[in-house]
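Everything below concerns the one structure shown next.
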There are 4 protein chains.
Amino acid sequence: MTIAVDPGYITRKDDYIRRLRRIEGQARGLQRMVEDDKYCIDILTQISATTSALQAVALGLLDEHLQHCVADAAALGGPEADRKLQEASAAIARLVRS
Amino acid sequence: MTIAVDPGYITRKDDYIRRLRRIEGQARGLQRMVEDDKYCIDILTQISATTSALQAVALGLLDEHLQHCVADAAALGGPEADRKLQEASAAIARLVRS
Amino acid sequence: MTIAVDPGYITRKDDYIRRLRRIEGQARGLQRMVEDDKYCIDILTQISATTSALQAVALGLLDEHLQHCVADAAALGGPEADRKLQEASAAIARLVRS
Amino acid sequence: MTIAVDPGYITRKDDYIRRLRRIEGQARGLQRMVEDDKYCIDILTQISATTSALQAVALGLLDEHLQHCVADAAALGGPEADRKLQEASAAIARLVRS
């Protein structure tokens, strides 16, 4: 059983790390913008872009999680399947509200 | 006229830089989580926290921008005031939709 | 096979209809507020409450859809399971972005 | 002083009422969809459309509120201007988070 060692998103791991590294760079760029007294509206535009990039990563991870981890658990059924589905629903609610 | 050299949020500059540095650290932590095959749901929780932190920075900057830059422009009136208000509305729309 | 005739949320149908009727009432109340020149900020507060109520309905329906329809399809496997999962992911993305 | 009797959005009152009536109709349509056991994903798509329509109304009202009410208060200055700006910031925060 490989579920425990292999998270569902592993096939695109490098892609996610690269996107998160870019988000880290955006957060560093934002500090520089504040430091350099850049215009507030330009900083806000950059924050919106960073938030969208983070959301896109989250939606990608969630999609892979549903397709692999949740689907596998659902195929097995039982309380573990219920737990995985409740956990996914709670994560979706946090994303929608954040 | 100090508007151009002094962005409205300057009084809390250190606070914003510190918060953005923490967000940068969260983005770095997210890369490590993916690298280390952490559980997908835990990564999603961390992304929601990072998104909320970014939104809180944006709302703080926007509030200061309205209180200083927009209010000063509105007090002067004229096309510059209109432009600042339209610009602020567009930034708010981007935040609400991102 | 009961999936086609029985959507997953059927157990709480009355509850959803009652909540949506309340949302309809909120939309009617908003028209009255505009009609009566109510204060803009009070109208915005009411819109935020209505949006949150709609989101809560969406999250509830999505949870039931995942627990029933998607879980059943995943248990059967095959292209139908893939299609259901992709469809759910697309709906989640629309919710997060709306 | 006309601020108290004339909310800032009055020029487009009919437009807002018409849009809110359409949103009311969408909420009624949603009840029918649940009643008729429509497919869950189709209901979610319709909820996302309704939420976006509500957000567009909110952004329009907020824009007019900033351009009229807040700008007028800012031009007068004093504690009333501060209060109006804080109130607007709080409404923006509720919109971003809802």
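So the values come out like this:
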{"quantity": "In Å², nearest 10: area of B:C40 left accessible to a 1.4 Å probe", "calculated": "0"}
{"quantity": "Total formal charge among the other residues, if their Cβ is under 15 angstrom from that of C:E80, Lys/Arg +1 and Asp/Glu -1", "calculated": "-1"}
{"quantity": "Under 12 Å from C:K13, Cα to Cα: aspartates and glutamates that are on another chain or at least 8 residues apart", "calculated": "C:E64, D:E35, D:D36, D:D37"}
{"quantity": "Beta carbon of chain B nearest to the axis of the rotation taking B to D, residue and angstrom distance", "calculated": "B:A74, 2"}
{"quantity": "Environment charge at B:R19 (Cβ cut-off 12 Å; Lys +1, Arg +1, Asp -1, Glu -1)", "calculated": "+2"}
{"quantity": "Within the accessible area of chain B (1.4 Å probe), percent carbon and sulfur", "calculated": "51"}
{"quantity": "Size of electric dipole in chain A: Cβ of Lys, Arg +1 and of Asp, Glu -1, about Cα centre, debye, nearest 20", "calculated": "160"}
{"quantity": "Accessible area buried between chains C and D, both sides summed, probe 1.4 Å, in Å² to nearest 100", "calculated": "4100"}
{"quantity": "Alpha carbon centroid spacing (whole Å) that separates segment B:65-81 from segment C:9-60", "calculated": "34"}
{"quantity": "222 nm mean residue ellipticity, helices alone, for the protein assembly as shown (DSSP H n ≥ 4; -39,500 (n - 2.57); rounded to 500)", "calculated": "-26000 deg cm²/dmol"}
{"quantity": "Folded to 0 to 90 degrees: helix A:78-97 orientation relative to chain A principal axis, Cα", "calculated": "20"}
{"quantity": "Highest-fluctuation residue, A:V34, A:V57, A:V70 considered, GNM on chain A with Cα pairs under 10 Å", "calculated": "A:V34"}
{"quantity": "Rounded to the nearest 10 Å², the accessible area of C:M33 at probe 1.4 Å", "calculated": "40"}
{"quantity": "Accessible area (Å², per residue) of the protein assembly as shown, counting only protein heavy atoms and a probe of 1.4 Å", "calculated": "44"}
{"quantity": "Summed side-chain charge close to A:V96 - residues other than A:V96 whose Cβ falls under 12 Å, Lys, Arg +1, Asp, Glu -1", "calculated": "+4"}
{"quantity": "Threshold 40 Å² - residues in segment C:31-53 whose accessible area is reduced by that much or more when the chain is no longer isolated, probe 1.4 Å", "calculated": "C:Q31, C:V34, C:E35, C:D37, C:Y39, C:C40, C:I41, C:L44, C:I47, C:S48, C:T51"}
{"quantity": "Shielding of D:80-92 by partner chains, average beta-carbon count, 10 Å", "calculated": "5"}
{"quantity": "For A:R32, inter-copy label distances in nm, listed shortest first [label point 7 Å out on the Cα-Cβ vector]", "calculated": "2.4, 5.6, 5.6"}
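The values are calculated or read from the model by the stated rules, or taken from the named source; none is laboratory data. Computed from a prediction, not measured in an experiment: that's the story for all the values here. Please note: Cβ atoms are built from the backbone with ideal geometry, for glycine as well, and neighbour counts cover all protein chains shown. Please note that ligands, DNA and RNA were not included when accessible areas were found on the heavy atoms of the full protein model with its side chains. Shrake-Rupley method; radii C 1.70, N 1.55, O 1.52, S 1.80 Å.
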